[in-house]
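Chemist: Below is a structure I'd like to ask you about.
The values are calculated or read from the model by the stated rules, or taken from the named source; none is laboratory data. Nothing here was measured: the structure is a model prediction, and the numbers come from that model. Ideal geometry is used to build each Cβ from the backbone, glycine not excepted, and the neighbour counts take in all protein chains shown.
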Amino acid sequence: MTRDRLSPGTLLEVLGPGQVAVVGVPLDENSSFLRGPALAPARIRAALHAGSMNLCTEDGVDLGARNDWHDLGDIETGSGEAALVEIERHMTKLLATGARVLSLGGDHSITHSIMRAVAAVHPRLTILHIDAHPDLYDEFEGSRRSHACPFARIMEERLAMRLVQVGIRAMNPHQRQQADRFGVEVVSMREYQPGKPFDLYGPVYVSLDLDALDPAFAPGVSHHEPGGFSVREVLQLLAGIEGTVVGADIVEYNPTRDHADMTAMVAVKFYKELVGYLLR
């Protein structure tokens, strides 16, 4: 089972409304604890094409039989501020075709740049942020670009109408103040009730940090935070979205901490399901 990736030079020829582009964003220089998420896009692809599973979603969509989604490889981000500018530029180019984009991080700092491009197309956007951490620091360890800060930047710039954070279990007083300041709807892991709807209507962007899962299900992350979701609970959460999924990212997979590609396969599961939602 293989799927050819298209070169960036051909993307305008194959993309258009109703199409989905998958793109890797191998950036982890804004990580605060460990490096490694830059290796994630390649490892996720390798797991996807390892031959141990098919390309069917749980809704029965056979992605292997469709030609309306394309893996465009990785963005050559460079480093520093220029990297974040390049991510936004590349996403803007993809979205201008009318396609929807699934991004494979990389650390969570990439979401700010992605959202700048997505919000220009979908100004009344709801973000469903699934994570153990709210990532709302005004600055962290002297950096406003840290992977601990992207949603503070997103809300400062009013890139989303609503930010709904689910699975949070490591919020400190500063981030609580930030959540109150920006009107963030926080559903902590303690408060989460499986099957309870979140009224996610209109255009919805999904940002999935794999450390939202309990480390038993996803050991390959930099920040282990016990007491998290099972894979099934996250799948049910995604299935409960009533709005239209217009974009998504999967971030913070760190292959250097994985065991027998367990987390890579979890990422692949979400990859397939999210592509299926983006194709609707």
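Chemist: Considering region 238-280 alone, what residues qualify as being over 26 Å from residue 29 (Cα atoms) and of a type in the set (Gly, Ala, Ser)?
Modeler: Listed by number, the residues that qualify are 239, 240, 243, 276.
Chemist: Restricting attention to region 248-272, which residues are in contact (Cβ under 8 Å) with a residue 60 or more places away in the chain and among the basic types (Lys, Arg)?
Modeler: 257, 272
Chemist: Assigned to a helix (DSSP H, G or I), closer than 21 Å to residue 211 by Cα, modelled with pLDDT of 95 or more and touching a helix residue (DSSP H, G or I) at 6+ places or on another chain (Cβ under 7 Å): is that true of residue 44 in this structure?
Modeler: yes
Chemist: Then there's this: Checking residue 202 against (1) crowded, with 19+ Cβ neighbours inside 10 Å; (2) under 27 Å from residue 124 (Cβ atoms), which test does it fail?
Modeler: All conditions pass for residue 202, except number (1).
Chemist: Inspect all residues belonging to region 222-233 and state whether any of them is closer than 30 Å to residue 124 by Cβ, among the hydroxyl-bearing types (Ser, Thr, Tyr), touching a strand residue (DSSP E or B) at 6+ places or on another chain (Cβ under 9 Å) and assigned to a loop (DSSP other than H, G, I, E, B).
Modeler: no
Chemist: Scan region 47-67 residue by residue and report those that are touching a Leu at 6+ places or on another chain (Cβ under 9 Å), part of a helix (DSSP H, G or I), closer than 19 Å to residue 270 by Cβ and hydrophobic (A, V, I, L, M, F, W, C).
Modeler: Correct list: 48, 63.
Chemist: Looking at (1) farther than 17 Å from residue 22 by Cβ; (2) in contact with a strand residue (DSSP E or B) (Cβ under 6 Å, 6 or more places away or on another chain); (3) not small (Gly, Ala, Ser), which one does residue 72 not meet, given that it meets all the others?
Modeler: With respect to (1) farther than 17 Å from residue 22 by Cβ; (2) in contact with a strand residue (DSSP E or B) (Cβ under 6 Å, 6 or more places away or on another chain); (3) not small (Gly, Ala, Ser), residue 72 is out only on (1).
Chemist: Then there's this: List every residue pair whose Cβ atoms lie under 6 Å apart, where the two residues are 6 or more positions apart in sequence or sit on different chains, the first residue falls within region 82-100 and is polar (S, T, N, Q), and the second residue, located anywhere, is surrounded by 16 or more Cβ atoms within 10 Å (Cβ to Cβ) and not in a helix (DSSP H, G or I).
Modeler: Listed pairs, sorted by first residue: 97/15.
Chemist: When region 185-230 is examined, which residues are found to be farther than 28 Å from residue 20 by Cβ and among the β-branched types (Val, Ile, Thr)?
Modeler: 186 - this is the single residue of region 185-230 that is farther than 28 Å from residue 20 by Cβ and among the β-branched types (Val, Ile, Thr).
Quick grid of which residues meet (1) under 16 Å from the mean Cα position of the chain (by Cα); (2) under 20 Å from residue 35 (Cα atoms); (3) buried (at least 20 other Cβ atoms within 10 Å of the Cβ):
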| site | (1), (2), (3) |
| --- | --- |
| 186 | no, no, no |
| 208 | yes, yes, yes |
| 216 | no, no, no |
| 230 | no, no, no |
| 236 | no, no, no |
| 241 | yes, no, no |
| 249 | yes, yes, yes |
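Chemist: What's the number of the condition residue 121 fails, among (1) more than 25 Å from residue 19 (Cα to Cα); (2) surrounded by fewer than 22 Cβ atoms within 10 Å (Cβ to Cβ); (3) in contact with a strand residue (DSSP E or B) (Cβ under 8 Å, 6 or more places away or on another chain)?
Modeler: In the conditions (1) more than 25 Å from residue 19 (Cα to Cα); (2) surrounded by fewer than 22 Cβ atoms within 10 Å (Cβ to Cβ); (3) in contact with a strand residue (DSSP E or B) (Cβ under 8 Å, 6 or more places away or on another chain), residue 121 misses (1) alone.
Chemist: Name every residue in region 117-136 that is among the hydrophobic types (A, V, I, L, M, F, W, C) and touching a residue at least 40 places away in the same chain (Cβ under 8 Å), in order of residue number.
Modeler: Within region 117-136, 118, 119, 121, 125, 127, 128, 130, 132, 136 meet the criteria.
Chemist: Sort out which residues of region 93-110 are farther than 16 Å from residue 22 by Cβ and under 12 Å from the mean Cα position of the chain (by Cα), and write them in order of number.
Modeler: Across region 93-110, the qualifying residues are 107, 108, 109.
For every residue, the table says whether it meets (1) in contact with a Gly (Cβ under 8 Å, 6 or more places away or on another chain); (2) within 27 Å of residue 66 (Cα to Cα); (3) among the charged types (D, E, K, R).
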site: 184; (1), (2), (3): no, no, no
site: 190; (1), (2), (3): no, no, yes
site: 209; (1), (2), (3): no, no, yes
site: 214; (1), (2), (3): yes, no, yes
site: 227; (1), (2), (3): no, no, no
site: 232; (1), (2), (3): no, yes, yes
site: 239; (1), (2), (3): no, yes, no
site: 247; (1), (2), (3): no, yes, no
site: 269; (1), (2), (3): no, yes, yes
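Chemist: Additional query: Mind counting the residues in region 27-48 that are touching a Gly at 6+ places or on another chain (Cβ under 7 Å), crowded, with 22+ Cβ neighbours inside 10 Å and either small (Gly, Ala, Ser) or closer than 15 Å to residue 257 by Cβ (or both)?
Modeler: The number of residues fulfilling the criteria is 3.
Chemist: Tell me, which residue of region 250-280 that is touching a helix residue (DSSP H, G or I) at 6+ places or on another chain (Cβ under 6 Å) and assigned to a strand (DSSP E or B) is farthest from residue 150 (Cα to Cα)?
Modeler: 253
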